[in-house]
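K.L.:
Just dropping this structure here.
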Amino acid sequence: MTGLAVDDAAWGSAWRGRSPGDKLLLCAGLVGCALLLPAWPGSVLVGLAAVALALGPARVPARTFGRAVRWPLAFIAVGALTAVVAVGDGGVGWAPDAADRAGSLVGRAVAGSAAVLLLATTTPMSDLLPALRRLGVPAAVVEVAGVTYRLVFVLLESLGTIREAQAARMGWASPRRCYRSAGVLAAAVLTRSWDRARRMQDGLAGRGMETGLRVLPDALPSSRPFVALALVLPAGITALTLVAR
């Protein structure tokens, strides 16, 4: 599954041993460029830089990165379609400057998504959560993110187990059976995940767990050359964009 592949890529990345704060600085700079600079050529430069860093120095598998970006692209396509369609007295039609609006939206969204995926495929969640806590992100937000991350694996495990049992009973042999099995699968995964989450909460409460789920991060030192890259790269993209404009 894509979620597991991204997590595996983060653990196996060549940037695994780098400080998560350094990688946050780099990716935040790229996202900021994607949001603030003109779509052309700013977003194109941000997207190319993010992909080049992921597939090059970070050594993220190209197949994993490509599969991970598919779902954001689907949402971006839907968003671009709704942005260029106008509904008025004359019915449904194209909005003014539809091509420019769609190009700007798609360019910024794709570039920002590539920058976020660069962080996701190079930084495990066990490194990212303590870094966010040290940066001053509210503890409740970090706690919710950590619990959600753990429950995702509970959901995926339940999904795989139930689907294998259905396939063994020929539950996906015909369109009618597929329709019924999909409904049963969704209901079973929801109830099982809810039950596992409740049991985890009860177990933590029984152990007096009142301060959240703590993660012991590895002591990853900051790298001055990497910090310099994190500062110079967005500045260079900004300069190139302003010159091109």
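The values are calculated or read from the model by the stated rules, or taken from the named source; none is laboratory data. Note that the structure is a prediction, hence the values are computed from the model and not measured. Backbone-built Cβ (ideal geometry, glycine too); neighbour counts: all protein chains shown. Please note that ligands, DNA and RNA were not included when accessible areas were found on the heavy atoms of the full protein model with its side chains. Shrake-Rupley method; radii C 1.70, N 1.55, O 1.52, S 1.80 Å.
K.L.:
Is there any pair linking a residue in the range 144-155 that is open to solvent by 70 Å² or more (accessible area, probe 1.4 Å) to one that is part of a helix (DSSP H, G or I), with Cβ under 7 Å and at least six apart or on different chains, and which?
P.N.:
Within 7 Å, the pairs are 155/189; 155/193.
K.L.:
In the range 11-51, what count of residues is obtained for those that are touching a Lys or Arg at 6+ places or on another chain (Cβ under 6 Å) and acidic (Asp, Glu)?
P.N.:
Of the residues in the range 11-51, 0 are touching a Lys or Arg at 6+ places or on another chain (Cβ under 6 Å) and acidic (Asp, Glu).
K.L.:
Scan the range 171-180 and give yes if some residue there is open to solvent by less than 50 Å² (accessible area, probe 1.4 Å), outside the structural domain of residue 34 (by TED's automatic domain parsing) and at pLDDT 80 or above, otherwise no.
P.N.:
Here is the first cut: in the range 171-180, the ones open to solvent by less than 50 Å² (accessible area, probe 1.4 Å) are 171, 174, 178.
Going one step further and asking which of them are outside the structural domain of residue 34 (by TED's automatic domain parsing), we end up with 171, 174, 178.
Next, from what is left, pick out any that are at pLDDT 80 or above: 174, 178.
Looking for residues that are open to solvent by less than 50 Å² (accessible area, probe 1.4 Å), outside the structural domain of residue 34 (by TED's automatic domain parsing) and at pLDDT 80 or above, one finds at least one in the range 171-180, hence yes.
K.L.:
Quick one: in the range 191-220, of everything that is at pLDDT 65 or above and among the hydrophobic types (A, V, I, L, M, F, W, C), which residue is surrounded by the fewest Cβ atoms within 10 Å (Cβ to Cβ)?
P.N.:
219
K.L.:
Right, something else. Looking at the structure I just gave you, is residue 234 of a type outside the set (A, V, I, L, M), in a loop (DSSP other than H, G, I, E, B) and either at pLDDT below 65 or assigned by TED's automatic domain parsing to the domain that holds residue 19 (or both)?
P.N.:
No.
K.L.:
Then there is this: Across the range 1-20, what is the number of residues that are in a helix (DSSP H, G or I), surrounded by fewer than 18 Cβ atoms within 10 Å (Cβ to Cβ) and small (Gly, Ala, Ser)?
P.N.:
Matching residues across the range 1-20 total 3.
K.L.:
May I ask you to list the residues in the range 167-186 that are closer than 30 Å to residue 125 by Cβ and either basic (Lys, Arg) or in contact with a helix residue (DSSP H, G or I) (Cβ under 8 Å, 6 or more places away or on another chain) (or both)?
P.N.:
Result: 185, single match.
K.L.:
Continuing with the same structure: If only one of 78, 44 is free of Cβ contacts under 8 Å to residues at least 24 places away in the same chain and either part of a helix (DSSP H, G or I) or open to solvent by less than 50 Å² (accessible area, probe 1.4 Å) (or both), which one is it?
P.N.:
Among 78, 44, only 78 is free of Cβ contacts under 8 Å to residues at least 24 places away in the same chain and either part of a helix (DSSP H, G or I) or open to solvent by less than 50 Å² (accessible area, probe 1.4 Å) (or both).
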